[in-house]
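The values are calculated or read from the model by the stated rules, or taken from the named source; none is laboratory data. Treat the numbers as computed from the prediction; the structure is a model and nothing was measured. Cβ coordinates were reconstructed from backbone atoms using ideal geometry, including for glycine residues, and neighbour counts include every protein chain displayed. The protein model used for the area step is the full one, side chains on, heavy atoms only, and it has no ligands, DNA or RNA in it. Shrake-Rupley method; radii C 1.70, N 1.55, O 1.52, S 1.80 Å.
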Amino acid sequence: MDLDVDYGLGTFEGTAVIALTNSTDAPLSELFFRLFANDDGLYGTAFVQILDIRLQTRSMSYALYLDDTVVLVPLDQPLQPNDNMEIAIDFSGGASFWPETQQVGSAETGYGLLTKSASALTLTTFYPMLAVYSEEGWALDPSTGFGDTLMGDTADYVVHMSTRPGTLPASSGELVAVSPELETTTYSFVATHARDFSLVLVESDYTIATMESDDTTIRTWFTMSSETAGQTAGQMAEFSLHLYERLIGPCPFSEIDLVEVPLGKAAGVEFSGLILVGSQYTGNPQDLFFSIIVSHEMAHQWFYAGVGNDVSEHPWLDESFATYLSYEFLDAYYDSGVASEQLGSWQAAYLQAKRDWPALSIGSPKYSFPNSSIYSAFVYSGGARFLYELRETLGDEAFYASLQAYYSTMIYAMATPTDLFRIIRETCTCSIEELLSTYGLVR
């Protein structure tokens with residue numbers, strides 16, 4: 001991907017060349033791409049638009065659907081199983097502008113995922129992404145206005161990004177080259193096995209700290225006024241890294257960047273090798289919730305970025321694991337009393353939501369939930385409680401052996417609940433049907 005960014009205006013233009021293989025058992029007569037940033041509920045006034053789509057040198061026809069969040073590209077000749085093709089897409093777009101007078105943003109900024117603020121330009125889902133294809137077909141569910149919509153198969157990225165001198169990039173993958181010129185600087189990145197390529201451009205107001213931890217580099221990017229929060233986030237991220245590698249398996253990336261940016265409706269957001277931490281939570285990094293933000297988003301590097309899942313049909317498969325692992329973090333970083341109290345709080349939220357909405361379960365698809373609060377109570381809080389009870393049912397040895405087997409088997413793939421339950425049964429030779437039924441995970 002070649003990308004030109006106007007930092008001051010918050011605009012960009014680029015070309016993505018996608019080399020793909022039909023790994024399905026059926027010919028593909030059409031391709032679908034997602035323009036996630038055109039979801040105004042999550043991205044506000046930010047947008048991405050298609051300029052041209054080419055196969056070799058010939059422009060191809062395309063159509064837009066679902067409020068311009070889905071691009072359909074018909075193929076003249078179906079792509080046969082195991083065959084390859086290369087398609088080029090020219091695109092452009094612009095970020096929303098963060099209101100300096102409002103700490104938590106506005107409807108125009110959405111979550112702040114593609115946003116220009118006073119000190120940073122956040123660029124996530126800024127390019128057309130090939131939609132996920134499974135046995136059920138293309139994953140094209142519309143947004144619910146809350147929760148994650150970003151979903152992609154793993155891919156290898158080579159990105160060349162040009163922008164004005166004086167800005168620095170925090171990104172997915174690794175920065176491999178810098179080419180300074182008089183009016184522009186070009187940065188080159190490589191990201192392997194990434195479900196997305198995301199970056200944040202910052203100016204000199206940021207303090208950057210780097211920690212080398214075994215095979216993984218952790219880098220924090222926090223504004224100077226939030227330097228203490230940056231130090232605390234780095235320590236917690238490093239602690240999480242060691243803990244999750246011991247409990248689950250190796251981190252899928254050699255570098256993870258944590259960046260402070262203004263966010264609305266979210267405290268933190270995960271991407272492949274990149275974590276956004278909301279500025280509104282950096283004023284008191286000793287608060288327990290700050291540690292939950294960092295440990296939860298770090299866990300998503302294993303479950304979302306490492307092991308993928310359909311975030312519309314099965315959102316609990318990553319959010320439950322991320323929430324549960326933040327419980328494990330609290331238990332190891334503080335003491336069992338802190339962790340138990342937080343688990344009790346999650347349980348209370350889940351039980352109340354279950355009483356109010358008895359037809360829902362932690363395994364319900366995202367579009368079944370009426371709002372983000374009920375969604376969170378089931379998928380985050382109830383999901384963490386389910387995994388805690390699964391650990392009690394199996395015992396520590398079988399529980400962690402099952403999670404490690406699930407992670408090592410499904411890393412870089414798109415997992416389903418069936419995959420998880422099958423691997424648990426194979427690993428522990430035990431019955432989990434009663435617990436699955438209790439939490440509504442048997443259909």
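Can you give the helix-only mean residue ellipticity at 222 nm for the chain, where every DSSP H stretch with n ≥ 4 adds -39500 (n - 2.57) and the sum goes over all residues, rounded to the nearest 500 deg cm²/dmol?
Rounded to the nearest 500, it is -9000 deg cm²/dmol.
Report the one residue of Leu28, Ile89, Leu3 whose Cα lies farthest in the direction of the positive end of the charge dipole of segment 1-105 (charges on C-beta: Lys and Arg +1, Asp and Glu -1; origin at the Cα centre).
Value: Leu28.
Give the accessible surface of the chain per residue, rounded to a whole number of Å², with probe radius 1.4 Å and ligands, DNA and RNA excluded.
Accessible area per residue, the chain: 40 Å².
Treating only the Cβ atoms of Lys and Arg (+1) and Asp and Glu (-1) as charged, compute the dipole magnitude of segment 246-307 about its Cα centre; round to the nearest 20 debye.
160 debye
I'd like the distance between the alpha-carbon centres of segment 218-238 and segment 153-210, rounded to an integer number of Å.
19 Å
Quick check for me: using +1 on Lys/Arg Cβ and -1 on Asp/Glu Cβ, what's the dipole size of the chain about its Cα centre, in debye to the nearest 20?
700 debye
Please give the net charge around Thr69, taking every other residue with its beta carbon less than 9 angstrom from that of Thr69, where Lys and Arg add +1 and Asp and Glu add -1.
Here the count lands on -2.
Explain nothing, just the number: relative contact order of segment 271-349, from Cα pairs under 8 Å at least 6 residues apart, as a whole percent.
Computed value for segment 271-349: 24 percent relative contact order.
Rounded to the nearest percent, how much of the accessible area of the chain (1.4 Å probe, protein heavy atoms only) is carbon and sulfur?
Using a 1.4 Å probe with all protein chains present, the chain comes out at 49 percent carbon and sulfur.
What's the extension gain from Glu135 to Gln352 if we count 0.36 nm per residue and subtract their Cα-Cα distance?
This chain segment gains 74.6 nm when fully extended.
Specify which labelled value, from (1) 38, 23, 21; (2) 33, 28, 20; (3) 95, 22, 18, agrees with semi-axes √(5λ) of the Cα gyration tensor in Å derived from the coordinates of the model shown.
(2)
Describe numerically, in nm with one decimal, the distance between label points set 7 Å from Cα along Cα→Cβ at Arg425 and at Ser204.
6.3 nm
Only Cα pairs under 8 Å and at least 6 apart count here; give the relative contact order of segment 1-56 as a rounded whole percent.
The normalised contact order for segment 1-56 reaches 18 percent.
Please work out the C-alpha center-to-center distance from segment 350-394 to segment 56-73 and express it in whole Å.
Each part reduced to its Cα centre gives a spacing of 37 Å.
Starting with the highest mean, order 300-308, 254-262, 133-141, 6-14 by the number of other Cβ atoms within 10 Å, averaged over the residues of each peptide.
Highest-to-lowest ranking by the protection proxy: 300-308, 254-262, 6-14, 133-141.
No partner Cβ under 4.7 angstrom, meaning no disulfide-compatible partner by this rule: which Cys of the chain qualify?
Cys251
Going by amide H atoms built from the backbone, whose H comes under 5 Å of the H on Val70, apart from near neighbours?
Leu35, Tyr65
Given the peptides 343-355, 235-247, arrange them by the average over their residues of other C-beta atoms within 10 Å, most packed first.
235-247, 343-355
Which whole-number percent gives the relative contact order of segment 1-124, counting Cα pairs below 8 Å spaced six or more residues apart?
33 percent
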